[in-house]
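**Q** Below you'll find the structure I mean.
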Amino acid sequence: MKIKLNKERVGWGILTALAFLAIGGVCLVPPIEQDQLYHNFSDSYEILNISNFWNVISNIPFAIVGIVGLINLNKIRENTTQYLVLFIGIVLVSIGSGYYHLNPTNSTLIWDRLPMTVIFMSLVSIIISEFFKSKLGIKLLFPLIIVGFLSILHWWVYDDLRFYSLVQFYPMFAIPVVLVCFKSKYNMTLGYWLLLIAYIIAKFCEIFDKEIFSLFSLISGHTLKHIISAIGLTILVYTYIKRHEITLNTK
């Protein structure tokens, strides 16, 4: 006898389990302090009087991607508030990350992480609207961003990255579950998969910053992280502009 699995029920089960594991982990793990060695990037070339030149300049693609999204906002076929916030967040990442890499410290890092949180939370809001209920995603947009900001405030006040890690990484584990188990009201969901792949590669580049720099000499892992992340976001923005709503089979 064959048992037919309800993919959505399985999806809800996995998402719930992931949430409990993530929240439990945050509660059980001791506070995670910001490692000050994080600010010591391998590539510190100064060019044209710009410190850490390549790590600064490699943020320009984010601004280009965000501006392209804003210019094409009228081509998005639904409430554009979430996409407007996302594209603004991408532009602000370019500014905030560039500012941070001019003088990497905890005080400047906050301006890098704030717009990144805007991207994470607006993306979660869009996915809720796309795969679950449109109005729910819109209603949750700003509460989610506030939660993201509070996670950064918690880090800033208590030097504890646990809640910021939750905000950053839970969506990265939850999104594949949503893509597999739930149906989008749009075509071209491949953009999300490619964004996730780019994110994972970018994270590896960040972790192996020094090793990549010693291997290639001209470019560091952190610089590559910026470039690859911008490529992932470019694919996502292209997807949002080009995709079309589809009729779901409700049988």
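The values are calculated or read from the model by the stated rules, or taken from the named source; none is laboratory data. Here the structure is a predicted model, which means the values were calculated and not measured. All Cβ positions, glycine included, derive from the backbone under ideal geometry; neighbour counts span all protein chains shown. Calculation scope for accessible area: heavy atoms of the full protein, side chains included, ligands and nucleic acids excluded. Shrake-Rupley method; radii C 1.70, N 1.55, O 1.52, S 1.80 Å.
**Q** Could you check the stretch 64-116 and list, in sequence order, the residues that are in a helix (DSSP H, G or I), more than 19 Å from VAL147 (Cβ to Cβ) and of a type in the set (S, T, N, Q)?
**A** Residues satisfying the conditions are ASN74, SER94, SER97, ASN106, SER107, THR108.
**Q** Checking the conditions here, which among ILE241, ILE212, ILE152 is modelled with pLDDT of 95 or more, assigned to a helix (DSSP H, G or I) and of a type in the set (Val, Ile, Thr)?
**A** Being modelled with pLDDT of 95 or more, assigned to a helix (DSSP H, G or I) and of a type in the set (Val, Ile, Thr) holds for just one of ILE241, ILE212, ILE152, which is ILE152.
**Q** Kindly indicate which of LEU21, LEU15, LEU28 is free of Cβ contacts under 8 Å to residues at least 24 places away in the same chain and either over 21 Å from the mean Cα position of the chain (by Cα) or surrounded by 16 or more Cβ atoms within 10 Å (Cβ to Cβ) (or both).
**A** LEU28
**Q** Here are PHE53, PHE41: which of them is surrounded by 14 or more Cβ atoms within 10 Å (Cβ to Cβ), under 30 Å from ASP159 (Cβ atoms) and out of contact with any helix residue (DSSP H, G or I) (no Cβ under 8 Å at 6 or more places or on another chain)?
**A** Criteria check complete, one pass: PHE53.
**Q** Looking at (1) open to solvent by 80 Å² or more (accessible area, probe 1.4 Å); (2) closer than 16 Å to TRP111 by Cα, find the lone condition where TYR164 falls short.
**A** (1)
**Q** Tally time: how many residues in the stretch 51-63 are within 18 Å of TYR240 (Cβ to Cβ) and either aromatic (Phe, Trp, Tyr) or in a loop (DSSP other than H, G, I, E, B) (or both)?
**A** Count: 1.
**Q** Regarding GLU33, is this residue acidic (Asp, Glu) and either at pLDDT below 90 or in contact with a strand residue (DSSP E or B) (Cβ under 8 Å, 6 or more places away or on another chain) (or both)?
**A** no
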